[in-house]
Amino acid sequence: MSTTSAVPPSAVADTLRQARQAIAQGDLQRADALFVQYLQGARGDGAALAEYGNFCLRTARPEESCYLSWKAVRLGHGGADAWAELGHARLETGDAAGAREAFAQALALDARHAVACYGLAECLSKAQQWPEAVAAYSRALAGQAGNVPILVNLGIACWRAGDQVRAADCLAQAERLAPGEPLVLLESGRFLRETGAAARALLRLQRCDRVWPGQPTVLLELAHCLRVLGQIDHALQTLAAIDALAPAMPECHVERGHCLAAGGDLAGRDLQWELACRIWLERRCFDEAAALLQTMLAAAPDSSAAWNSQGSLHDLQQQIEPAEAAYRRAIALDPDALGPRVNLGTLLETSNRREQAAEQAREALRIAATMADPDHPAITATHLLIAKLARRDHQYPTALAALERAAAAANTGTQRQTTLFERARILDLQGDTDGAMATFAQANAIAVLEPGVDDPEGNKFARGVDYLLGLVEQGWLDGWRLPPREPTPDEPPAPVFLLGFPRSGTTLLNTVLFSHSAITVLEEKQTFSEALALARRMPGGYPHAMPGCDALDARLLRETYWRAVGEHCTLRPGQLLIDKFPFYLTLAGLIHVAFPNAKFVFAQRHPCDAVLSCFMQNFRLNEGMANFRTLADTASIYDRTMRLWQAFRDRLHLNVHTVRYEGMVEDFDGEVRALCDFLGVPWEESLRQFSSKALDRGKINTPSYEQVSRPIYREARGRWQRYRRHLEPHLPLLQPWIERYGYREGD
């Protein structure tokens, strides 16, 4: 890789002039291609980086602008303007903290910079620091008198800060300057409604709807205003219109709940609010769900359903103790509510507290037997919970009977799939290999795909691996040279990356290492996803930009990574971070750019056992896991992934320590002591107690939660031999890896 480039000779610089000409001619696509071409040969031209960053921001590509502007300012180019552009780019990508930092840098260089003042005010508004936002908007307005968006936002900030007089004056000025502007009408209407002038607000909002028809946001505010005026039927009709435009809009359900409550239908209100909360939880919009739950519990503190939803929120956020407490509160309020019983039982089972889970399962079964609705989704969940607990206690006839009842009640593809996977596991444990394989195949055939997992051109993950393999064959990795590391004394030591093909023992390893006092483990948090997104924004994009990355690029990748880590944990001084994510196999090159001295721990298992186990596992589907739906697909992605990993490992000379799953089973102390030596941490006796430590952790969010709570066991070693007939067609693809990794016939 190159170090920071000097500005190239005139022949290359002419490309930049052509890019400017293309902008002047309105040919933005050509301009973009020319900028990229120029910067591939001039990665250190800060002025050009700032110019291209501005171009990307103006052409609605804030992600690219973030990288370009950041690098420009780090190279000392652009001054307050570049810092302000970086701030707005970060703001548009949702990085409010990074935006605020950039605006502060701009204002340190030019205290009256209007664009930076406005951006800082936006950040302060998002943080609801209203008095500070008022001051920042006022400074921005002083530099851009008569700017309507600034007037509107200043009015909102004044209103939220408690200065209604000034707020009304700002919004009135904005209306005079832009009398038909929808945004002005919408915000004026909202302000008037909330300050007690609902009749005047209604006129503004009706006018806004005429000039900006069919906008759900406007209609929602209109419905809110109609409700305040007591026009409940009209408000409900308006909400029905929103349903046609934007189905499953949770805010619409919230407002409908308010309307129903105004008409005395409190039960209807609660159902609407529960529906809105469920939608937000499914979309993982946790802040919105939490705010609504606060409203729900304030309105009905003894609502079992609300407390059950509160438990689901905590559960999804992996806040196990609060989730358990909320579920138990829901049960105490309504002992015959099935939902919280099943949710609590499932949480206890996945936390490996099987006796407590069984107690809840028995109560859930009693309640389910009395329910009039045979299609209630919690009934299937009840029978599945009973089946899992019975299987774990080796009570296979009981488990199979529960699965028959679960299958009869299942009314979604996900429920049917889960039931089939559980049945197949039991057949496997009973030694019925043909029956197990047939049932696993059925389960995989009806897998419910997440949006974006497949597309018309095939699986995205597999295509990405193939594309990188093609580059490797063309010599992509041959000329990489690491840039010199910039000294960053405040940066933590490089993390250790724990990777391996799924079901090769990565969860066992991270559970063992979790027991060490000097180690912090991150478990499958996709902390490198933002760094990958950043690499895609570099001129040329990922992966083509990687060989030309300089020291600043590597530093930005590290900063992006550490910000992501900070969202999940706080490292204590002296702690070693182990970042476990199996498919980091395919990102090892990018990781090496950011952390050239990083250590890798490679979890290795017999290829046939790894492939078989992936096919048999009910993964939550994503682009990677969608490759496990047939044995052929699984063997194929194993071969392609391992070829890519081996290329990264060999040609980039990665610092790798291999831990064989079978070695952990046969010689736990020897394997773990060698791993400790590689990591530079002392052996601790607590490592032998990893299974009890796993129980102390609570819920483990990987498919291996059952296994890692047990001491080392040998049943899974060589399991593939029982399924050899089914794997025979795929052995030619796997045999080279069996031999390369030193496995013998019979292993």
- Could you list all residues from region 567-625 that are in contact with a strand residue (DSSP E or B) (Cβ under 9 Å, 6 or more places away or on another chain), of a type in the set (Phe, Trp, Tyr) and modelled with pLDDT under 90? none
- Which numbered condition trips up ALA326, out of (1) touching a residue at least 24 places away in the same chain (Cβ under 8 Å); (2) closer than 21 Å to ALA361 by Cβ; (3) surrounded by 19 or more Cβ atoms within 10 Å (Cβ to Cβ)? (1)
- Task: Scan region 208-226 and give yes if some residue there is among the charged types (D, E, K, R), within 25 Å of ARG160 (Cβ to Cβ), in contact with a Gly (Cβ under 9 Å, 6 or more places away or on another chain) and part of a helix (DSSP H, G or I), otherwise no.
- Result: yes
- Across region 158-183, what is the number of residues that are closer than 19 Å to TRP212 by Cα and within 35 Å of the chain's Cα centre (by Cα)? 2
- Item | Residues satisfying the stated conditions in region 43-66, i.e. among the acidic types (Asp, Glu) and within 26 Å of the chain's Cα centre (by Cα) | GLU63, GLU64
- Answer yes or no as to whether TYR705 is closer than 20 Å to ARG392 by Cα, within 28 Å of the chain's Cα centre (by Cα), hydroxyl-bearing (Ser, Thr, Tyr) and at pLDDT below 95. yes
- When only residues in region 526-543 that are at pLDDT below 90 and not in a helix (DSSP H, G or I) count, which is surrounded by the fewest Cβ atoms within 10 Å (Cβ to Cβ)? GLY541
- Message: Looking at the structure I just gave you, is ALA199 within 34 Å of the chain's Cα centre (by Cα), assigned to a helix (DSSP H, G or I) and in contact (Cβ under 8 Å) with a residue 12 or more places away in the chain?
- Response: no
- Does region 661-669 include one or more residues that are β-branched (Val, Ile, Thr) and closer than 21 Å to ALA588 by Cβ? no
- Message: Taking the criterion of being under 34 Å from the mean Cα position of the chain (by Cα), in a helix (DSSP H, G or I), crowded, with 19+ Cβ neighbours inside 10 Å and not charged (D, E, K, R), would at least one residue in region 365-374 satisfy it?
- Response: no
- Item | Out of ARG688, ARG710, ARG725, ARG673, sole residue that is at pLDDT 95 or above and farther than 21 Å from MET437 by Cα | ARG673
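Here is a yes/no grid of residues against (1) crowded, with 19+ Cβ neighbours inside 10 Å; (2) in contact with a Leu (Cβ under 8 Å, 6 or more places away or on another chain); (3) not hydrophobic (A, V, I, L, M, F, W, C):
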{"site": "GLN604", "(1), (2), (3)": "yes, no, yes"}
{"site": "ASN622", "(1), (2), (3)": "no, no, yes"}
{"site": "ALA626", "(1), (2), (3)": "yes, yes, no"}
{"site": "LEU631", "(1), (2), (3)": "yes, yes, no"}
{"site": "ALA635", "(1), (2), (3)": "yes, yes, no"}
{"site": "LEU644", "(1), (2), (3)": "yes, yes, no"}
{"site": "ALA647", "(1), (2), (3)": "yes, yes, no"}
- Failed item, numbered, when SER636 is tested on (1) within 22 Å of TYR723 (Cβ to Cβ); (2) touching a Lys or Arg at 6+ places or on another chain (Cβ under 9 Å); (3) not aliphatic (A, V, I, L, M): (2)
- Taking only pairs six or more apart or across chains, which ones have beta-carbon atoms under 8 Å, a first residue in region 338-357 that is at negative phi, and a second residue that is among the basic types (Lys, Arg) and not in a helix (DSSP H, G or I)? LEU347/LYS699; THR350/LYS699; SER351/LYS699
- Subset of region 675-689 (residues that are closer than 20 Å to ASN597 by Cβ and either touching a residue at least 40 places away in the same chain (Cβ under 8 Å) or buried (at least 16 other Cβ atoms within 10 Å of the Cβ) (or both)): LEU675, CYS676, PHE678, LEU679, GLY680, VAL681
- Query: From the list ARG660, ARG688, ARG649, which one is of a type outside the set (Phe, Trp, Tyr) and over 31 Å from the mean Cα position of the chain (by Cα)?
  - Reply: ARG688
- Message: Six or more apart or on different chains, Cβ atoms under 9 Å: show the pairs whose first residue is in region 582-600 and closer than 15 Å to ARG555 by Cβ and whose second is among the hydroxyl-bearing types (Ser, Thr, Tyr) and buried (at least 21 other Cβ atoms within 10 Å of the Cβ).
- Response: ILE591/TYR561; ILE591/TYR584; ALA594/THR560; ALA594/TYR561; PHE595/TYR561
- Task: Return the residue satisfying two criteria in turn: it lies in region 102-152 and is in contact (Cβ under 8 Å) with a residue 12 or more places away in the chain and among the acidic types (Asp, Glu), and of such residues it is surrounded by the most Cβ atoms within 10 Å (Cβ to Cβ).
- Result: GLU122
- Is it the case that some residue within region 618-628 is aliphatic (A, V, I, L, M) and part of a strand (DSSP E or B)? no
- Query: Got a sec? Which of ALA554, ALA610 is over 21 Å from GLY464 (Cβ atoms) and either of a type in the set (Lys, Arg) or in a helix (DSSP H, G or I) (or both)?
  - Reply: ALA554
- Has region 370-390 got any residue that is of a type outside the set (Asp, Glu), farther than 14 Å from GLU422 by Cβ, in contact (Cβ under 8 Å) with a residue 12 or more places away in the chain and touching a Leu at 6+ places or on another chain (Cβ under 6 Å)? yes
- Note on the structure: Within region 729-747, the residues that are under 16 Å from ARG643 (Cβ atoms) and not in a helix (DSSP H, G or I) are TYR741
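Yes/no matrix, rows are residues, columns are (1) among the charged types (D, E, K, R); (2) farther than 24 Å from PRO216 by Cβ:
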site	(1), (2)
ILE150	no, yes
ARG160	yes, no
CYS170	no, yes
ALA174	no, no
PRO182	no, no
ARG190	yes, no
ARG193	yes, no
- Grab the helices (runs of 4 or more DSSP H) fully contained in region 31-119, keeping just those with 1 or more residues being of a type in the set (Lys, Arg), touching a Pro at 6+ places or on another chain (Cβ under 9 Å) and more than 19 Å from GLY540 (Cβ to Cβ). 79-92
- Message: For region 60-70, check the following and say yes or no: at least one residue is of a type in the set (Gly, Ala, Ser), farther than 18 Å from ASN153 by Cβ and touching a residue at least 12 places away in the same chain (Cβ under 8 Å).
- Response: yes
- Query: Condition test on ASN343, is it touching a helix residue (DSSP H, G or I) at 6+ places or on another chain (Cβ under 6 Å), surrounded by 15 or more Cβ atoms within 10 Å (Cβ to Cβ) and in a loop (DSSP other than H, G, I, E, B)?
  - Reply: no
- Before we move on, is ASP315 surrounded by fewer than 20 Cβ atoms within 10 Å (Cβ to Cβ), among the charged types (D, E, K, R), in contact (Cβ under 8 Å) with a residue 24 or more places away in the chain and under 21 Å from ARG278 (Cα atoms)? no
- Query: Do we find a residue being in contact with a Pro (Cβ under 6 Å, 6 or more places away or on another chain) and in a helix (DSSP H, G or I) anywhere in region 246-261?
  - Reply: no
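The values are calculated or read from the model by the stated rules, or taken from the named source; none is laboratory data. Since the model is a prediction, treat every value here as computed from it, not as a measurement. Neighbour counts run over all protein chains shown; Cβ positions are idealised from the backbone, glycine included.
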